[in-house]
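Here the structure comes first, spelled out in structure tokens, and everything after it is commentary.
Coordinate-derived values only; no laboratory data. What you see is a predicted model, and the numbers here were worked out from it, not measured in a lab. Every residue, glycine as well, gets a Cβ built from its backbone with ideal geometry; the counts of neighbours run over all protein chains shown.
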Amino acid sequence: MRFATWNVNSVKARLPRLLDWLGSTAPDVVCLQETKVGEDAFPAGEVTELGYETAAYGQGRWNGVALLSRIGLEDVRRGFDGEPGFPDPEARAISARCGGIRFMSVYVPNGRTPDDPHYAYKLRWLAALRDALVPDLAAGPVVVAGDYNVAPTDADVWDPALFTASTHVTPAERTALAELRALGLTDVPARPLKGDHPYTYWDYRAGMFHQNKGMRIDLVYATADVAARVTDALVDREARKGKGPSDHAPIVVDIED
DNA sequence: ATGTCCCTTCACAAGGGA
């Protein structure tokens, strides 16, 4: 089985690239983030033509997550129990069972800056996610993949000195991820196709991608049974190249059936 | 450390978010 996660930064703007990438990569399951469309506007027709079932959760202008699967898409859940809003609910998590694994696509709040109320919201959201995952983890194999908006270590940012007072790297955010792992989730390492760091995000500005000044903030967290089946995992930086890319690259994971 | 992109609207420019 091959699965992937990708923050597409608008599924409408990215649709031609998404369809090409689905054709060439041929993943069985895909977790999408930042679709930026409501459920009714999700381009399900085009994706269905490629053999995928779709489940979308969106609110239009911001956020939005979705799951694509060609190996079954059962028991879809939008959001999770106890999920906080700001203050209203935001479309940041969707999960379903595909091929015997529960996949959850997550778009963790950005946080903006450590003194912003959105930062406290980010930490509340991650703590609530941890609590909500407990029954899922007891029920079977789980993959929680998406844009976590946290760089787990200093090696995951291109210049740690620049990020000392920024969101994405604070001890509290990193602790929140450690608490997810403490539930029994493993950070599945993805290899970079170029360079030493498996960055997944490069700012559009200032030629950051070409200088490989990126961050590893998209992550695949999997239960041990899934992690043990991994045969390969990579950051598809090819998808970040060229005209009209997302600012994030997909992570593609192969596991033994 | 800011050279972009995407979305929306009291829309054909500007602001907000990342």
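Worth pointing out:
- Value of D in µm² per second that Stokes-Einstein yields for the range A:1-117, Kirkwood Rh from Cα pairs, at 4 °C (1.567 mPa s): 90 µm²/s
- Each part reduced to its alpha carbon centroid, the range A:14-41 and the range A:153-219 end up 23 Å apart.
- Segment A:E179-A:L162, extension gain: residue separation times 0.36 nm, minus the distance between their alpha carbons: 3.6 nm
- Helices in chain A, meaning DSSP H runs of at least 4 residues, each add -39500 (n - 2.57). Divided by all residues, the mean residue ellipticity at 222 nm is -6500 deg cm²/dmol.
- Spacing of the modelled spin labels on A:A26 and A:A224, each 7 Å from Cα toward Cβ, amounts to 3.4 nm.
- Of A:H248, A:H210, A:H168, the sequence from fewest to most neighbouring Cβ atoms within 10 angstrom is A:H210, A:H168, A:H248.
- Taking other C-beta atoms within 10 angstrom as a stand-in for reagent exposure, A:Y201, A:Y121 fall in the order A:Y121, A:Y201, fewest first.
- In chain A, the DSSP beta bridges split such that about 75 percent are antiparallel, to the nearest 5.
- Chain A: relative contact order as a whole-number percent, Cα under 8 Å and 6+ apart: 19 percent
- Of the DSSP H helices in chain A, those whose Cα atoms cover at least 18 Å axially and whose Kyte score averages -0.5 or more: A:117-139
- Stretching A:H197 away from A:W62 to a fully extended chain increases their span by 45.7 nm, per 0.36 nm per residue minus the current alpha-carbon distance.
- Seen from all directions on average, the range A:107-257 presents a Cα convex hull projection of 9.4 nm².
- Rg followed by Dmax, in Å, when chain A is reduced to its Cα trace: 16.7, 47
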